Amino acid sequence: MPISVMLNRRRTVLDVPADVPLLWAIRETAGLTGTKYGCGIGLCGACTVHLDGKAIRSCVTPANSVAGKAVTTIEGASGPTARIVLSAWEKLDVSQCGYCQPGQVMSAIALLERNPAPTDADIDAAMSGNLCRCATYARIRSAIHEAARMRKG
């Protein structure tokens, strides 16, 4: 069943069964492998993408539910907030193994888009569904604070 979406700002038709998870449509059909498979039940955050600007878990989102909407993956993350988050991630050397980082970054971008000056509690709440096997949580929080400072001026 063809599903038309705006994928990373480009009209894309995903020819997949209606109930296939968006994650697999992105990875297998569109060939964008930056979005990772982690748990398959929406608990780890490795598969986080933006749907109309909101962070969602693509492994539990049926592809047909995004028809006509805007989906952004890590490959399409752009704009001032994305650039600042990626810069802060690099500056503070957040990544260790890197597997979870696309989901972490997408969640951080969504957080800063809706809350440009998050507290530790705001960050913890927004990032709580993103697991990191390497336990870089302190660096992730520091990078989000750094991105907020960079965004401010």
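The values are calculated or read from the model by the stated rules, or taken from the named source; none is laboratory data. Fair warning: this is a prediction, and the values are worked out from it, not measured in the lab. When we count neighbours, we look across all protein chains shown, and the Cβ atoms used for this are built from the backbone with ideal geometry, even at glycine. Areas reflect the complete protein model, heavy atoms only, side chains present, ligands, DNA and RNA absent. Shrake-Rupley method; radii C 1.70, N 1.55, O 1.52, S 1.80 Å.
Tabulated data for the structure shown
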{"read-out": "Relative contact order of the chain, defined on C-alpha pairs under 8 angstrom at six or more residues apart (%)", "value": "24"}
{"read-out": "Accessible carbon and sulfur surface of region 21-134 relative to its total accessible area, %, 1.4 Å", "value": "54"}
{"read-out": "C-alpha long axis of helix 137-152 to longest principal axis of the chain, angle in °", "value": "80"}
{"read-out": "Cβ-defined net charge surrounding residue 37, 15 Å radius [Lys, Arg +1; Asp, Glu -1]", "value": "+3"}
{"read-out": "Whole-angstrom gap from region 96-140 to region 1-52, using each part's C-alpha centre", "value": "20"}
{"read-out": "Calculated Rg and Dmax of region 2-81 using C-alpha coordinates, Å", "value": "11.3, 35"}
{"read-out": "Per-selection Rg to Rh, region 62-115 - Cα, Kirkwood hydrodynamic radius", "value": "1.03"}
{"read-out": "Cβ-defined net charge surrounding residue 143, 10 Å radius [Lys, Arg +1; Asp, Glu -1]", "value": "0"}
{"read-out": "Region 77-88 - phi-based ³J(HN,Hα) in whole Hz, Karplus 6.51/-1.76/1.60, Gly and Pro as x", "value": "4, 8, x, x, 5, 4, 4, 5, 4, 4, 5, 5"}
{"read-out": "Spread of Cα-to-Cα distances over 10 Å intervals beginning at zero, given as percent, for the chain", "value": "12, 43, 32, 12, 1"}
